[in-house]
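Q: Would you mind keeping the following structure in view while I ask a few things?
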Amino acid sequence: MKITLLCNRDLPSHIALSCLINGLAEHLPQHQLSILISEKVGADKVLPEPLMELAAFERELLEDGRPSFEQLAESAGCSLQGFVDLDNKLNTPAGIARIAATEPELIISVRFGLIIREAVIALPKYGVINLHSGLLPNYRGVMATFRAMQNNDSQIASTLHYIQDGGIDNGDIISISAIPLNRQKSYLLNVINLYVGGCQQILSAVSTLSAGQSLAADAQQQGAAYYSFPTQSELDAFAAAGGRLFDKADITALSPY
């Protein structure tokens, strides 16, 4: 099967991509991979300073000696491609052609920062699946784990779902993997811990499709909520309640990744 992986240039995406490449190579080596990357999530806008600091911390960890995204792609037998030369636009003739050139039978999105619309969705035989780092339909949008921490939830989850139109996180749900929310840990570490089970969700889906079976999926129920990036006041309240977006101690905790 020809699989096109769509990711974003951030630390959780790097960890997930590494896990998927290794998992596919070990258990499903017959597949051919193509990897494309976005450089950001959403439209250009100035984010609150704490989120800028979080991004800087992630960049620091990405440069701690671990393989680059380019090296990960090389290990998977392909070259990393992006959309910077296309003005970070996917749903244009040139962007669509770039995806189509990979001849995808399945597209897998993990933290990909560009909206995927119908022309791309129509390309792969087995559709487009997305691993969302939040419980759907409760937490659509970005930073779902932050919202779960903000709401004092007892669990966080990753949701594997289809992308069936240009809507955000609204496709039929394939599987959900939940873990306890550790309030003693930072937002970043809680997010990254989701990808252990999340990558297994993806590998299981690929295995099912490889066996000639279809993926069972259920439409999302009522009660959906969509969230954008938290505001400065929300971040201040999160910090006042003892929450941390990241912690320097995370460097040690992240070393196994």
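The values are calculated or read from the model by the stated rules, or taken from the named source; none is laboratory data. Quick caveat, the model's predicted, so the values are computed rather than measured. For neighbour counting, all protein chains shown are included, and Cβ atoms are generated from backbone atoms with ideal geometry for every residue, glycine included. Quick note on the areas: whole protein, heavy atoms, side chains included, nothing else; ligands and nucleic acids left out. Shrake-Rupley method; radii C 1.70, N 1.55, O 1.52, S 1.80 Å.
Q: Quick check: net charge around Pro104, other residues with Cβ under 12 Å of its Cβ, Lys/Arg +1 and Asp/Glu -1?
A: On the way: positive: Lys2, Arg98, Lys125; negative: Glu103, Glu105.
Net of charged neighbours comes to +1.
Q: Now for a different question. Mind checking which of Leu254, Leu36, Ala211 is farthest towards the positive end of the chain's charge dipole, using Cβ charges of +1 (Lys, Arg) and -1 (Asp, Glu) about the Cα centre?
A: Ala211
Q: Related question: Within the stretch 9-113, report the chymotrypsin sites (Phe, Trp or Tyr not before Pro) that DSSP leaves as loop and that have at most 15 other Cβ atoms within 10 Å. Intermediate values should be presented prior to the final figure.
A: Working: sites: Phe57, Phe69, Phe83, Phe112; in loops: Phe83, Phe112.
Loop-located and lightly packed - none at all.
Q: Further, regarding this structure: Could you give me the percent of Cα pairs per 10 Å distance bin for the stretch 97-251, shortest bin first, beginning at zero and ending with the bin that holds the maximum distance?
A: 10, 38, 32, 16, 4, 0
Q: I've got another one for you. Quote to one decimal, in nm, the extra length available between Val196 and Ala101 on full extension: 0.36 nm per residue of separation minus the C-alpha distance between them. Can you show the working numbers first?
A: Numbers: separation 95, 0.36 × 95 = 34.20 nm, distance 3.05 nm.
Computed gain between Val196 and Ala101 is 31.2 nm.
Q: Give the ranking of Val41, Val110 by solvent-accessible surface, highest area first, calculated with a 1.4 Å probe. It would help to have the intermediate numbers written out before the result.
A: On the way: Val41 60, Val110 10 Å².
Output order, biggest surface exposure first: Val41, Val110.
Q: Under 5 Å between amide H atoms, partner at least 5 residues away or on a different chain: which partners does Gly171 have, H built in plane at 1.01 Å?
A: Residues meeting the criterion, in which the H sits 1.01 Å from N, are Gln164.
Q: A follow-up question, please. Which cross-chain or sequence-distant (5 or more) residues have an amide H under 5 Å from the amide H of Leu5, H modelled 1.01 Å from N in plane?
A: For Leu5, whose amide H was placed from the backbone, the distant partners under 5 Å are Ser34, Ile35, Leu36, Ile108.
Q: Just to confirm my numbers, what's the Cα centroid distance between the stretch 7-36 and the stretch 175-195 in Å?
A: 20
Q: Residues in the stretch 194-237, backbone N under 20 Å from the label point at Lys2 (7 Å along the Cα-to-beta-carbon vector): list them, ranges by number please.
A: Only 206-207, 209-212 pass the distance filter.
Q: In sequence order, what are the phi-derived ³J(HN,Hα) couplings for the stretch 11-17 according to the Karplus relation 6.51 cos²θ - 1.76 cosθ + 1.60 with θ = phi - 60°, rounded to whole Hz, with x for glycine and proline?
A: 5, x, 5, 4, 5, 5, 4
Q: I would also like to ask the following. Under 4.7 Å Cβ to Cβ, no partner at all: give me those cysteines from the chain, in residue order.
A: Cys7, Cys78
Q: Right, here's the next one. With all protein chains present, how much of the accessible area of the chain (probe radius 1.4 Å) comes from carbon and sulfur, to the nearest whole percent? Each step should come with its number before you reach the end.
A: Numbers: 5990 of 11850 Å².
Of all accessible area on the chain, carbon and sulfur atoms account for 51 percent.
Q: Sticking with this structure for a sec: Among bridges DSSP assigns within the chain, what percent are antiparallel (round to 5)? Don't jump to the answer; show the numbers that get you there.
A: Values: 12 of 31 bridges.
In the chain, approximately 40 percent of DSSP beta bridges are antiparallel ones.
Q: Averaged per residue, what accessible surface does the chain expose to a 1.4 Å probe, in Å²? Working shown, then result.
A: Details: 11850 Å² over 257 residues.
Accessible surface, normalised per residue, equals 46 Å².
Q: What's the angle, to the nearest 10 degrees (0 to 90), between helix 49-62's Cα axis and the longest principal axis of the chain?
A: Once rounded, the angle reads 50 degrees.
Q: What are the ³J(HN,Hα) values, in whole Hz, obtained from phi via the Karplus relation 6.51 cos²θ - 1.76 cosθ + 1.60 with θ = phi - 60°, for each residue of the stretch 151-158 in sequence order, with x given for Gly and Pro?
A: 3J(HN,Hα) across the stretch 151-158, in whole Hz: 8, 6, 5, 8, 9, 10, 8, 10.
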